[in-house]
Amino acid sequence: MKHVAIIGYGAIASHVIRAISASSAVQLGGVIGRAGRLAAAREAAGPNIAVVDSIDGLATRPDLVLDCAGHPGLIAHGAAILERGIDLVSVSAGALADEELYETLAKAASASGARLRIASGAIGGLDVLSAARRGGLDRVTYRGRKPVASWRGTPAETVLDLDSLADARIHFRGTAREAARLYPKNANVTASVALAGIGFDATGVELVADPACTSNCHELEAEGAFGSFSLRLNGYQLADNPKSSALTAMSMINAALSLEEPILVA
């Protein structure tokens, strides 16, 4: 049986923990939490799950680690996990907008033979985009439209009066690198699109606050040697965290439960 460990203990991690605990296909080997907040991590994870502050604290070497903690989790633990030859799947695509971190993780993975995979998360079509870049991409644009509540506590509040917003308004227009840096908790999709396609600085992004939205709307357009495509996906938020997508949690669950599947769709 394959062993899986999880970084983090927030809303996404909680969904993944429950799914793995209920599965007979893989075994949860433990949760990696912040060194100063292990008590909170233990409370969130439950009494039967080991909680440690580093990959070396786990009793059993995992076959896969799922980073559900956001940027700080990947920054704190990513290199150490990859250096030990353990594959890592992360929801923290936006952290890779930092070129130094990108190079650090790439070198760690290359040296050990491990791989860092970015979860598809809240959006689809990344397989198409990744394949299309091999033939050449001319343009990639992402537009994210979310309810007003999703943008609270972000730079959108300095651009718009969210409390009195009556109709949809664009509050950010720029590159994927800028979006990932300014909106680390709710614009990871922009980084995933950039990594799958033409990069952080060539990918165009628009972020929209829409009081009429009841779900997160992701729109992706691309043109290149393959032709063109457009995708629109409406995804629900996690009930316990409006900045996180339910599909993101599902994509991490899929990464874990697919470990034992003999046939996979690439």
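Taking strands (runs of 3 or more DSSP E) as the structural unit, those lying wholly within region 168-266 and holding at least 1 residues that are out of contact with any Cys (no Cβ under 9 Å at 6 or more places or on another chain) and touching a residue at least 60 places away in the same chain (Cβ under 8 Å) correspond to 204-209, 216-224, 227-235, 241-245. Restricting 161, 167, 138, 201 to residues that are in contact with a helix residue (DSSP H, G or I) (Cβ under 6 Å, 6 or more places away or on another chain) and open to solvent by 70 Å² or more (accessible area, probe 1.4 Å) narrows the list to 201. Within region 104-140, being among the basic types (Lys, Arg), within 22 Å of residue 68 (Cβ to Cβ) and touching a residue at least 40 places away in the same chain (Cβ under 8 Å) holds for one residue alone: 117.
Here residue 208 meets each of (1) closer than 23 Å to residue 237 by Cβ; (2) open to solvent by 50 Å² or more (accessible area, probe 1.4 Å); (3) modelled with pLDDT of 95 or more with one exception, condition (2).
Applying a threshold of 7 Å to beta carbon distances and a minimum spacing of six or more residues, or different chains, the list of pairs starting in region 152-163 at a residue that is within 13 Å of residue 184 (Cα to Cα) and ending at one that is among the aliphatic types (A, V, I, L, M) and open to solvent by 40 Å² or more (accessible area, probe 1.4 Å) reads 155/182. Say whether the condition of being out of contact with any Asp or Glu (no Cβ under 8 Å at 6 or more places or on another chain) and on the phi > 0 side of the Ramachandran plot is met by at least one residue in region 199-222. Within region 199-222, one or more residues are out of contact with any Asp or Glu (no Cβ under 8 Å at 6 or more places or on another chain) and on the phi > 0 side of the Ramachandran plot. When 111, 131 are screened for being of a type in the set (A, V, I, L, M), open to solvent by 60 Å² or more (accessible area, probe 1.4 Å), more than 22 Å from residue 13 (Cβ to Cβ) and outside the structural domain of residue 219 (by the TED database), only 111 passes.
Yes or no: region 56-66 includes at least one residue that is assigned by the TED database to the domain that holds residue 101, of a type in the set (Ser, Thr, Tyr), touching a strand residue (DSSP E or B) at 6+ places or on another chain (Cβ under 8 Å) and open to solvent by 20 Å² or more (accessible area, probe 1.4 Å). Yes, the conditions are met somewhere in region 56-66. For region 215-254, taking the residues that are of a type in the set (S, T, N, Q) and open to solvent by 80 Å² or more (accessible area, probe 1.4 Å), the one that is farthest from residue 92 (Cα to Cα) is identified as 228. Among the residues of region 142-158, just one is β-branched (Val, Ile, Thr) and open to solvent by 30 Å² or more (accessible area, probe 1.4 Å), namely 158. Just to be sure I understand, how many residues within region 77-90 are under 13 Å from residue 56 (Cα atoms) and either without any contact (Cβ under 8 Å) to a residue 60 or more places away in the chain or surrounded by fewer than 20 Cβ atoms within 10 Å (Cβ to Cβ) (or both)? Selection size over region 77-90: 9.
The values are calculated or read from the model by the stated rules, or taken from the named source; none is laboratory data. It should be emphasised that the depicted structure is a prediction, and the values quoted were computed from it without experimental measurement. Cβ atoms come from the backbone with ideal geometry, glycine included; neighbour counts cover every protein chain shown. Please note that ligands, DNA and RNA were not included when accessible areas were found on the heavy atoms of the full protein model with its side chains. Shrake-Rupley method; radii C 1.70, N 1.55, O 1.52, S 1.80 Å.
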